[in-house]
Amino acid sequence: MSHYNLVMLPGDGIGPEVMGEVRKIIGWLEQHRNVTFDVVERPVGGACIDAHGVPVTDETLALCHKADAVMLGAVGGPKWDNVEYTIRPEAGLLRLRKELELFANLRPAIVFDALVEASSLKAEIVSGLDILIVRELTGGVYFGEPRGITDLGNGEKRAVNTQVYTTSEIKRVGRVAFELARKRGGKVCSCEKANVMESGKLWRAEMTALHTEENYTDVELTHMYADNCAMQLLRWPKQFDVIVTDNLFGDILSDEAAMLTGSLGMLPSASLGAEDPATGRRKSLYEPVHGSAPDIAGQGKANPLATILSFAMALRYSLNLSEEADMLEDSVKQVLGEGKRTADIKGPDTKTLLSTAEMGDAVISALSKLHKSRQAA
Ligand code: IPM
Ligand code: MG
């Protein structure tokens, strides 16, 4: 019997609803597979500001440090638009990423066969698409110093942010990209703006050096300016396998890649730290790519599949339960194949429109069927 410690941070907006469906899946796994979980739930983002005056507490951070995996829903909403900038809901998420040193953010963009029509691009451009964006998550302009707004005293203000990267920051995320490419399509495209920024020039040089110095030459490495990458993602996204890029370009390119698939409501992500050489474990946080969607919160309309697929990534990357991860991903495909849809992915001929909870239940019933047929085999 394996046992795991999970920290659950449902957050704001639709976060609690979609996380509730993961709870159900955890319950199913405990009943049917040889595994138990300790789940500790804490508020994050706006919910935590309301409860504790900060977007994440020290106690929660300490719990996350010790957990086998952290699951996060979403943070933010108009209710907290006017809180002080340093304690805004997003600052909680950024603090978690920074303090857990989750430097590698994996954002797959996969087009499910059943959802080809949901994309705004032509089916031939996106069908079968399976790309992975590896976004640097703890450096760059998100955290660079100096930063801030100063009053110049003459009616003018001046705002500064700093884009900064070091050799080791670039190489550690590069390694993750090369290792993952090896298990996928064998290609890495590194994106920056070396034509304009020194940080991009260094990024390109270090990726090139890493490729040969650490014997990743079985993986094909190409370089692309980030603006060109944004264009190529729309023109012919299937040219890519793994894209590795910095924090800000990764933020933008991953939203674009997500939308190629037709719905943000489908896309999971994993944020990983360095491997502990003693235990082989990594700190990790899993979250859907979509936000808190305050406009539909509490109405049972949210699509729980991105969070469910994020949990599948947790099973695979942090809990060593790859069979269960496969089963969960197959169940999601099964449910979509049966034409079951939440509002965000419904098409003109959608027959069954499901609520958040009904979609979670549909995944569980597909899991049960899969489990039974495996036992019979
Ligand atoms: C994301 C989000 C965050 C980011 C926000 C909520 C701070 O857009 O995870 O992509 O910019 O990183
Ligand atoms: Mg973003």
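The values are calculated or read from the model by the stated rules, or taken from the named source; none is laboratory data. Keep in mind it's a predicted model, so treat the numbers as computed, not measured. Virtual Cβ from ideal backbone geometry, glycine too; neighbours counted across all protein chains shown.
Return the total of residues in region 1-40 being buried (at least 24 other Cβ atoms within 10 Å of the Cβ) and among the small types (Gly, Ala, Ser).
Total satisfying the criteria: 3.
Name the residue, out of LEU272, LEU253, LEU305, that is away from ligand 1 (no atom under 16 Å from the Cβ) and not basic (Lys, Arg).
LEU305
Tell me, which residue of region 177-198 that is surrounded by fewer than 22 Cβ atoms within 10 Å (Cβ to Cβ) and part of a helix (DSSP H, G or I) is nearest to the chain's Cα centre (by Cα)?
Among those that are surrounded by fewer than 22 Cβ atoms within 10 Å (Cβ to Cβ) and part of a helix (DSSP H, G or I), it is LEU180.
Given the condition assigned to a helix (DSSP H, G or I), exposed (fewer than 15 other Cβ atoms within 10 Å of the Cβ), among the β-branched types (Val, Ile, Thr) and within 16 Å of ligand 1 (Cβ to nearest atom), answer yes or no: does some residue in region 47-59 qualify?
Taking every residue of region 47-59 in turn, none turns out to be assigned to a helix (DSSP H, G or I), exposed (fewer than 15 other Cβ atoms within 10 Å of the Cβ), among the β-branched types (Val, Ile, Thr) and within 16 Å of ligand 1 (Cβ to nearest atom).
Check ALA159, ALA104 and return the single one that is surrounded by fewer than 20 Cβ atoms within 10 Å (Cβ to Cβ) and either among the hydroxyl-bearing types (Ser, Thr, Tyr) or at pLDDT 95 or above (or both).
When all the criteria are applied, what remains is ALA159.
Could you say which residue among ARG184, ARG172, ARG158, ARG204 is touching a residue at least 40 places away in the same chain (Cβ under 8 Å) and more than 23 Å from LEU129 (Cα to Cα)?
Step by step, each of ARG184, ARG172, ARG158, ARG204 is checked, and only ARG172 is touching a residue at least 40 places away in the same chain (Cβ under 8 Å) and more than 23 Å from LEU129 (Cα to Cα).
Which is out of contact with any Asp or Glu (no Cβ under 6 Å at 6 or more places or on another chain) and in a loop (DSSP other than H, G, I, E, B), of LYS301, LYS333?
Answer to the check: LYS301.
Would you confirm whether or not region 135-148 contains a residue that is more than 20 Å from VAL188 (Cα to Cα), in a strand (DSSP E or B) and not hydrophobic (A, V, I, L, M, F, W, C)?
yes
Looking only at region 218-234, decide whether some residue is buried (at least 20 other Cβ atoms within 10 Å of the Cβ), more than 15 Å from ligand 2 (Cβ to nearest atom), over 23 Å from THR162 (Cα atoms) and not aliphatic (A, V, I, L, M).
no
Across region 267-290, what is the total count of residues that are over 21 Å from ASP246 (Cβ atoms), more than 11 Å from the chain's Cα centre (by Cα) and touching a residue at least 60 places away in the same chain (Cβ under 8 Å)?
1
So is GLY273 touching a strand residue (DSSP E or B) at 6+ places or on another chain (Cβ under 6 Å), assigned to a strand (DSSP E or B) and surrounded by fewer than 24 Cβ atoms within 10 Å (Cβ to Cβ) or not?
Yes.
Are any residues in region 235-263 over 25 Å from LYS171 (Cβ atoms), outside any helix (DSSP H, G or I) and within 16 Å of ligand 2 (Cβ to nearest atom), and if so, which ones?
Residues satisfying the conditions are THR261, SER263.
Being in the same structural domain as PRO304 (by TED's automatic domain parsing) and within 16 Å of ILE26 (Cα to Cα) is the requirement here; does SER365 meet it?
Judged against the criteria, SER365 is a match.
Please go through region 294-338 and pick out each residue that is under 16 Å from LYS24 (Cα atoms) and aromatic (Phe, Trp, Tyr).
Result: PHE311, single match.
Determine whether region 310-331 contains at least one residue that is within 16 Å of ligand 2 (Cβ to nearest atom), under 22 Å from LEU129 (Cβ atoms) and at pLDDT 95 or above.
For region 310-331, residues within 16 Å of ligand 2 (Cβ to nearest atom), under 22 Å from LEU129 (Cβ atoms) and at pLDDT 95 or above: present.
Which of the residues spanning region 93-125 are away from ligand 2 (no atom under 16 Å from the Cβ), outside any helix (DSSP H, G or I) and among the aliphatic types (A, V, I, L, M)?
LEU100, ILE110, VAL111, LEU121
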